[in-house]
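All remarks here apply to the structure that follows.
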Amino acid sequence: MAKSRVRLKGRFFMMILILVGFIALVVIVANALKKTGDIEFGSLGADLEVNAAIIRDEKVIMSEPYEKITFDVVEGETVNNDQVIAQLYKRGYQDETMVTLLNLQKQIYDYQMQLLGGQQPQELIDLNNSIDEVEKQIRAVSRGQSTLDMLDLEQTLKDLDNQRVALMQTIVTPDTTLTQLYTDLRTQQNVMSSWKRDIKNTSGTGIVSFYFDGYEQVLSVNKLSTINSALVKTVVNGGNTAKNADSTSEVPLYRIINNTHWFIAFVTSSNDPMRLAEGEQYSVLFQNYSDQQFTATARASQVSENAVVNILEFNTDIGKLIGTRTAAATISKSAQGLVVPLKAIEIVAGVPGINIAYGDTVLRVEVDILAQDTKKAVIRAHNASDNLTAGMKYLKP
């Protein structure tokens, strides 16, 4: 019996080719969809733990080298314009000049008491009791038996002595001897005046400080644009002290600090999408200093090849941080807006961006990260001319 033959016609081959083409198209589309995603709308919040350098809004007052200085105000005191801060003694000054003056003052007081004949008014008795008490406190501090501020006590004693001098001149009628002692005192005071000068504050109202860590000139509000990552890392790693630069022409005397205007700076990696967004507000908690939540505004970041210097500006009382240079901080931010996966953000030359698909065209859009968690980020276009909206397709790396 003869076998039958099945003849395949051209139409059958055409159907096979169409089916193969359809499958290939499905595979291509599926692969394309896997490489894109839609920008969504949502909200995120997260904390960032940093070690920051504190930058105070302050003015450092310099002076020629001096032999000795005595202060009229204490550390942390609020001072005003034209207020006397200290007395500066020129090079070559000898303490014998002051000893002579003090001996004359004691001689005058003893003679005034002699003229009073033991008849002390109650006001003088009260002043003497106050002077004795302050002198007792000063001795206790010098022996390490008290934690009172020595400068504060010395200023109090000086004020009380001046009050007693003024009082004695009003209640004691001078004779020839006392008049001559007054003349000798004025002569010695003129000698002292030739060796010293008053230092008056000309930098406006602020908090005075006599302590320096060596970073005052480089960590300045006037040099924010020149603060680089190497400097911030050095400050953070070095703690609160630095070696002062040697100077034969000028030395620092004191600082006047604006306690309601200050900054912090910290470093993040340029390969990390997270960095502060200029103009955005952040909540900041300084560990080991206060439970207060500070609010700060981000300034423009300084981006280099390997690092980003982030800067936050504060317009509130610096509080306990006024005397420190570094602090650990928790920076918090919650934001609502356009959300993409962190993996969709590509860092090019230290700048984050995403690639947007426009048909067959791909456009890179630089972005600011407003907030992020471990998987996603809330973003905005860095440049106002770029348009980003929910539903746009981004390319996955």
Checklist outcome for this item: When the stretch 192-229 is checked residue by residue, the ones that are assigned to a helix (DSSP H, G or I) and open to solvent by less than 60 Å² (accessible area, probe 1.4 Å) are M192, V221, L224, S229
Next on the checklist: Restricting to the stretch 73-113, name every residue that is part of a loop (DSSP other than H, G, I, E, B), under 15 Å from T202 (Cβ atoms) and open to solvent by less than 70 Å² (accessible area, probe 1.4 Å).
Outcome noted: V73, Q83
Item to check | Close pairs (7 angstrom Cβ cut-off, 6 or more residues apart or separate chains): farther than 18 Å from K343 by Cβ in the stretch 360-381, open to solvent by less than 30 Å² (accessible area, probe 1.4 Å) and of a type outside the set (A, V, I, L, M, F, W, C) anywhere | outcome: R380/G337; R380/D368
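Scan the stretch 46-68 and tell me whether some residue there is among the aromatic types (F, W, Y), outside any loop (DSSP other than H, G, I, E, B), open to solvent by less than 80 Å² (accessible area, probe 1.4 Å) and within 21 Å of W195 (Cα to Cα).
First pass over the stretch 46-68, keeping only residues among the aromatic types (F, W, Y): 66.
If we keep only those that are outside any loop (DSSP other than H, G, I, E, B) as well, we get none.
No, the stretch 46-68 contains no residue that is among the aromatic types (F, W, Y), outside any loop (DSSP other than H, G, I, E, B), open to solvent by less than 80 Å² (accessible area, probe 1.4 Å) and within 21 Å of W195 (Cα to Cα).
Matching residues to (1) within 29 Å of N259 (Cα to Cα); (2) not charged (D, E, K, R):
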residue	(1), (2)
I318	yes, yes
G337	no, yes
V362	no, yes
D373	no, no
Checklist entry - Within the group L124, L151, which residue is closer than 19 Å to F71 by Cα and either of a type outside the set (V, I, T) or in a loop (DSSP other than H, G, I, E, B) (or both)? => result L151
Item to check | Matching residues, the stretch 255-267, being closer than 19 Å to S225 by Cβ, out of contact with any Ser or Thr (no Cβ under 8 Å at 6 or more places or on another chain) and open to solvent by 20 Å² or more (accessible area, probe 1.4 Å) | outcome: H261
Checklist outcome for this item: By residue number, the members of the stretch 296-342 that are under 20 Å from Q372 (Cβ atoms), hydroxyl-bearing (S, T, Y) and out of contact with any Gly (no Cβ under 8 Å at 6 or more places or on another chain) are S301, T330
Checklist entry - Residue check, G391 against (1) part of a strand (DSSP E or B); (2) surrounded by fewer than 13 Cβ atoms within 10 Å (Cβ to Cβ), all met but one. Which one? => result (1)
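The values are calculated or read from the model by the stated rules, or taken from the named source; none is laboratory data. Please read these numbers as outputs of a predicted model, since none were measured by experiment. Methodologically, a virtual Cβ is constructed for each residue, glycine included, from the backbone with ideal geometry; neighbour enumeration extends over all protein chains shown. These accessible areas exclude ligands, DNA and RNA; they are computed on the full protein's heavy atoms, side chains included. Shrake-Rupley method; radii C 1.70, N 1.55, O 1.52, S 1.80 Å.
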